[in-house]
Amino acid sequence: MSILCCVPVIECVYCLGCSHWLWKKCMYSAGHESESWGLATSDEFDPIPRLCRFILAVYEEDLHNPMWAPPGGYGLDPHHVILKKDYDQTQGRVTPYMIYLDHDNDAVVLAVRGLNLAKESDYALLLDNKLGQTKFDGGYVHNGLLKAAMWVFEEEHEVLNRLLEENPSYSLTFVGHSLGAGVVSLLVLFVLQNRGRLGNIERKRIRCVAIAPPRCMSLHLAVTYADVINSVVLQDDFLPRTTTALEDVFKSIICLPCLLCLTCVKDTFTFEEKKLKDARRLYAPGRLYHIVVRKPLRLGRYPPVVRTAVPVDGRFDQLVLSCNATADHAIIWIQRESQRALDLMLEEDQVMQIPVEQKIVRQKSVVEEHDEEYRAAIMKAASLNIPMSPSPSYGTFHDTAEEGESSAGGSVNEGSPSMWSFKGMKRKWNRFVDRHFPMDDDDSGDMILKKNESQALLCR
């Protein structure tokens, strides 16, 4: 009798959870999550359409006689393609990729294509992961993608090292789409820990662009490497927002209503703080660029707007119920919309007729703003007390010598406080304030901003 009395209560809880989940999903729009982010500039967004074309070029069998070239072509010289490997050569360890020597932009580019729906090896790679299965650099990463990244590095590090030695001023750029975006994101982490095998290349010469990436690294890794990794997401793309384990989705195809019921109740009664403090939870990596082309409750596409930030919370946590969720994941659409967005940025720059000197000043100010935003994100992540390693392997605040980190392993001395501890965080904050907001003592004993510094800040 007592059991029967509990049935109506369980039904009410279930209906409440489903109603709340459905309301949140239907009222949630993809433009909402980035509405508070800053706008991207043409200088920082300029490489994105070009790198999307490089990814599309990997799909071609013969670049000298292309069959699927977008308008304007792939923007590369086939004679400068160092190597290009297909599925037979990768043996199913990773999707096809190529290495291209981009003389026009002084870069060595490694481009990895996305998931092939007809290849079982790609599904096996994507599903090779469990919650909290693989640790890396004090955080958690996707197990299958890390294996693929390590395989690519072992196969191609000698080629990359040779190209960098022959072109010492060139940067090293990794770019990938979908499954390939997850591979290159973890490949960059592995490269940064093994720079000695690439001629000790400087960190500032290494860049990664992840187009429509999957969730592949924990929160503190995603924020820590935001100065190296840039992720590009088109409006309602489903993959960066997929929270349910992919293996559970495929296992539950027969009983999909059961999976939806559990998801409704779990999302309703799980607090955001609890999600953030789960060190095993994976996120889209690095700095995020969100291309918004549609508005809620309106038909058609609008002129694209690109917003960027290094968010800690609201990092594409909600799956958007949209008929464009899968179409926005296609690399061809991302390339088109990113090119449209860049063209609009350049047109606006021409209308404003900004002098060259001011453009240089603006580029420097953008770099400074990104650096400050990056540091603020790390401070916020540290304040959440997320379980993690004592210190990142690389000095996030570019003061590794002062933090007492060893150059080999990046570990912290026992006597020095960790940057992620309260004392380390407070010390870094005080140093940041002293550097950017120097103060003078007046006769009253209060702290006042120096006149020369205040004028410099107002002129920015």
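Take the conditions farther than 26 Å from I378 by Cα and either modelled with pLDDT under 90 or not small (G, A, S) (or both) and apply them to V233. Does it pass? Explain how you work it out, then say what you get.
Values: farther than 26 Å from I378 by Cα: no; either modelled with pLDDT under 90 or not small (G, A, S) (or both): yes.
So V233 fails the test.
Just to be sure before I move on: is L56 modelled with pLDDT under 85 and either surrounded by 14 or more Cβ atoms within 10 Å (Cβ to Cβ) or hydrophobic (A, V, I, L, M, F, W, C) (or both) in the structure I sent? Give the derivation first.
On the way: modelled with pLDDT under 85: no; either surrounded by 14 or more Cβ atoms within 10 Å (Cβ to Cβ) or hydrophobic (A, V, I, L, M, F, W, C) (or both): yes.
Against the criterion (modelled with pLDDT under 85 and either surrounded by 14 or more Cβ atoms within 10 Å (Cβ to Cβ) or hydrophobic (A, V, I, L, M, F, W, C) (or both)), L56 does not qualify.
Would you call C208 buried (at least 19 other Cβ atoms within 10 Å of the Cβ), closer than 21 Å to R50 by Cα and of a type in the set (A, V, I, L, M, F, W, C)? Steps first, please.
Values: buried (at least 19 other Cβ atoms within 10 Å of the Cβ): yes; closer than 21 Å to R50 by Cα: yes; of a type in the set (A, V, I, L, M, F, W, C): yes.
Against the criterion (buried (at least 19 other Cβ atoms within 10 Å of the Cβ), closer than 21 Å to R50 by Cα and of a type in the set (A, V, I, L, M, F, W, C)), C208 qualifies.
Answer with yes or no whether K364 is under 20 Å from the mean Cα position of the chain (by Cα), modelled with pLDDT under 80 and open to solvent by 70 Å² or more (accessible area, probe 1.4 Å). Write out each step before concluding.
Details: under 20 Å from the mean Cα position of the chain (by Cα): no; modelled with pLDDT under 80: yes; open to solvent by 70 Å² or more (accessible area, probe 1.4 Å): yes.
The answer is no for K364.
Against the conditions (1) modelled with pLDDT of 70 or more; (2) assigned to a loop (DSSP other than H, G, I, E, B), where does L16 fall short? Just the number, please.
Going through the list (1) modelled with pLDDT of 70 or more; (2) assigned to a loop (DSSP other than H, G, I, E, B), L16 breaks only (2).
Would you confirm whether any residue within the range 78-89 is modelled with pLDDT under 95, open to solvent by 30 Å² or more (accessible area, probe 1.4 Å), touching a Leu at 6+ places or on another chain (Cβ under 8 Å) and not hydroxyl-bearing (S, T, Y)?
No, because not a single residue in the range 78-89 is modelled with pLDDT under 95, open to solvent by 30 Å² or more (accessible area, probe 1.4 Å), touching a Leu at 6+ places or on another chain (Cβ under 8 Å) and not hydroxyl-bearing (S, T, Y).
Scanning for something of a type in the set (F, W, Y), farther than 26 Å from E165 by Cα and under 26 Å from the mean Cα position of the chain (by Cα), does the range 100-114 turn up at least one residue?
Our first condition is that a residue be of a type in the set (F, W, Y); within the range 100-114, this holds for 100.
Those still in the list that are farther than 26 Å from E165 by Cα too: none.
Checked the range 100-114: no residue is of a type in the set (F, W, Y), farther than 26 Å from E165 by Cα and under 26 Å from the mean Cα position of the chain (by Cα).
In the list V108, V94, which residue meets the criterion of being within 13 Å of V183 (Cβ to Cβ) and either touching a helix residue (DSSP H, G or I) at 6+ places or on another chain (Cβ under 6 Å) or open to solvent by less than 40 Å² (accessible area, probe 1.4 Å) (or both)?
Working: V108 fails: within 13 Å of V183 (Cβ to Cβ).
None of the others qualify; the one that does is V94.
Out of all the residues in the range 77-95, is one or more of a type in the set (A, V, I, L, M) and closer than 21 Å to P47 by Cβ? Explain how you work it out, then say what you get.
Let us first name the residues in the range 77-95 that are of a type in the set (A, V, I, L, M), namely 81-83, 94.
Filter again for closer than 21 Å to P47 by Cβ, leaving 81-82.
The answer is yes, given that some residue of the range 77-95 is of a type in the set (A, V, I, L, M) and closer than 21 Å to P47 by Cβ.
Within the set of pairs 6 or more residues apart or between chains, which connect a residue that is over 18 Å from D86 (Cα atoms) inside the range 121-134 to a residue that is of a type in the set (K, R) with Cβ atoms less than 7 Å apart?
Listed pairs, sorted by first residue: L131/R280; G132/R280.
Out of the range 111-137, which residues are of a type in the set (S, T, N, Q), open to solvent by 30 Å² or more (accessible area, probe 1.4 Å) and under 27 Å from A279 (Cβ atoms)?
The initial filter retains those residues of the range 111-137 that are of a type in the set (S, T, N, Q), namely 116, 121, 129, 133-134.
Of the ones still in play, those that are also open to solvent by 30 Å² or more (accessible area, probe 1.4 Å) are 116, 121, 129, 133.
Within the range 111-137, N129, Q133 meet the criteria.
State which residue is modelled with the lowest pLDDT when the search covers only the range 256-287 and only residues that are assigned to a strand (DSSP E or B) and farther than 17 Å from V320 by Cα. Walk me through how you get there before you give the answer.
Taking the range 256-287 first, the residues assigned to a strand (DSSP E or B) are 282-283, 287.
Still in the list and also farther than 17 Å from V320 by Cα: 282, 287.
On the way: L282: 91, R287: 95.
Among those residues, the one meeting the criterion is L282.
Collect the residues in the range 176-209 that are among the β-branched types (V, I, T), assigned to a helix (DSSP H, G or I) and touching a residue at least 60 places away in the same chain (Cβ under 8 Å), keeping them in residue-number order.
Filtering the range 176-209 for residues among the β-branched types (V, I, T) gives 183-184, 188, 191, 201, 206, 209.
Subset that is assigned to a helix (DSSP H, G or I): 183-184, 188, 191.
Scanning the range 176-209 gives V183, V184.
Report whether or not H64 is open to solvent by 30 Å² or more (accessible area, probe 1.4 Å) and part of a loop (DSSP other than H, G, I, E, B). Give the derivation first.
On the way: open to solvent by 30 Å² or more (accessible area, probe 1.4 Å): yes; part of a loop (DSSP other than H, G, I, E, B): yes.
Judged against the criteria, H64 is a match.
Quickly run through the range 218-244 and pick out the residues that are aliphatic (A, V, I, L, M) and over 9 Å from G286 (Cβ atoms).
Going residue by residue through the range 218-244, those that are aliphatic (A, V, I, L, M) are 219, 221-223, 226, 228-229, 232-234, 239.
Correct list: L219, L221, V232, V233, L234, L239.
Is there any pair linking a residue in the range 322-344 that is touching a residue at least 12 places away in the same chain (Cβ under 8 Å) to one that is aromatic (F, W, Y) and buried (at least 20 other Cβ atoms within 10 Å of the Cβ), with Cβ under 6 Å and at least six apart or on different chains, and which?
Pairs that qualify, where the first residue is touching a residue at least 12 places away in the same chain (Cβ under 8 Å) and the partner is aromatic (F, W, Y) and buried (at least 20 other Cβ atoms within 10 Å of the Cβ), are L342/F45.
The values are calculated or read from the model by the stated rules, or taken from the named source; none is laboratory data. On a predicted model such as this, the values are computed, not experimentally measured, just so you know. Every residue, glycine among them, receives a Cβ derived from its backbone with ideal geometry; neighbour counts consider all protein chains shown. Heads up: the accessible areas ignore ligands, DNA and RNA and are worked out on the full protein's heavy atoms, side chains in. Shrake-Rupley method; radii C 1.70, N 1.55, O 1.52, S 1.80 Å.
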